[in-house]
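Every number here is computed from the coordinates shown, using simple stated rules; none is lab data. The model shown is predicted, which means the values in this text are computed figures rather than measured ones. Here Cβ is always computed from backbone atoms with ideal geometry, including for glycine, and neighbour counts include all displayed protein chains.
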Amino acid sequence: MKSSLITPTPRGPEDLLPVAGAEGLQNRFRPGLLLHDLWVLAKARVVSLLVFTAAVGEILAPHALMHWQAALAGLLGIALAGGAGGVLNQIVEPGLDQHMRRTLHRPLAEGRISRRGAILYAILLMSAAIAILAWGTNPLTLVLTLAGTVGYGVVYTLYLKPSTPWNIVWGGLAGALPPLIGWTAITGSLAVLPVVLVLLVFVWTPAHFWPLAINCRRDYAKACIPMLPCTHGIDRTRREVLNYAVLTWVVSLVPAFLTGDWIYGGIAWLSGAWFVGMALRLKALPEGPEMDQYARSMFAYSISYLFLLYTGLILGRLLIG
């Protein structure tokens, strides 16, 4: 049963004015700032993780070297489409971003880039992605990439995020598709292993993001975003983090059984045990600054954890075959 433990402060029209508007206008034409703003607007750091997991899907696919052109086209298309999704996300949310410490200085939130300019940027990125994927890969890869972009930039941002505390669970499916997209870019077909890798990212996402939501819960409440710590409380959120951490650990071991890769299996077992251990400690800590800081640390480790798992898959493929 949903309960509002932190009541968001209602926002009026005046709350949508840029918090740092004057500074944003002063900085709009600073030399060199535009390229940095375009980088941030496309959420390049998030996109790098998408591209990495897609590259692993390509490496694991049979005869990947024979289809290197499709592989490059797939990675470039995913990068451009992922950037377009990041821009769409920020086009919708400049007013919300102004209430979050970690998003306060984004280009749209500070007014350094106009919404019209951002829309044009998203159209250019998405058009380039479609052209490259249509030319260099296959229809299945293009459809999956479009589904991921629309899922994140439209469905998650416009509908899930503002309406349900379980937004990150269902919205995470869009960000989980790149391993499958990488595989289909090479093969043009589906298979069990890349689908398991999609499931891995899908169950990892809540355990990855909810610790950050715990750390930023006051900002989410201020922005009227119904994240789980705001609607169901910290204790419930910590239980869910533990549940999803255990589920991630279990799913991460499945590729080892599918491929017989003991190198990856060992990496998945040890890194997953550490992840679950962090979730247990997060659950046990009393509420306060130490818990908030530890939640942030778990969020940071979760990114390294996913990189470690996918790097383990590459090592196993190269060393064992």
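Under a Cβ-Cβ cut-off of 14 Å, what is the net charge of the residues other than Ala245 that fall near it, where Lys and Arg count +1 and Asp and Glu count -1?
Net charge around Ala245: +3.
Taking the Cβ-Cβ separation of Arg236 and Ala134 as r and a Förster radius of 45 Å, what is the calculated FRET efficiency to the nearest 0.05?
The value I calculate is 0.50.
Can you tell which of Asn215, Leu309, Trp249 lies farthest toward the positive end of the dipole of the stretch 191-321, using +1 and -1 charges on the Cβ of basic and acidic side chains (Lys, Arg; Asp, Glu)?
The residue sitting farthest along the positive end of the dipole is Asn215.
Please give the charge dipole size of the chain, origin at the Cα centre, charges +1 on K and R Cβ atoms and -1 on D and E Cβ atoms. Round to the nearest 20 debye.
So the magnitude is around 360 debye.
Return the calculated 222 nm mean residue ellipticity for the chain, to the nearest 500 deg cm²/dmol, obtained by summing -39500 (n - 2.57) across DSSP H runs with n ≥ 4 and dividing by the residue count.
-23500 deg cm²/dmol, from helical runs alone.
When only DSSP loop residues count, what GluC sites (Glu not before Pro) in the stretch 240-317 have their Cβ near at most 14 other Cβ atoms within 10 Å?
Filter output for the stretch 240-317: Glu287.
Label points 7 Å out from Cα along the Cβ direction at Trp39 and Ser114: separation in nm?
Taking the two extended label points, one gets 2.6 nm.
By how many nm would the segment from Ser189 to Val154 lengthen if fully extended, with 0.36 nm per residue of separation less the alpha-carbon distance?
Residue separation times 0.36 nm, minus the Cα-Cα distance, leaves 10.0 nm.
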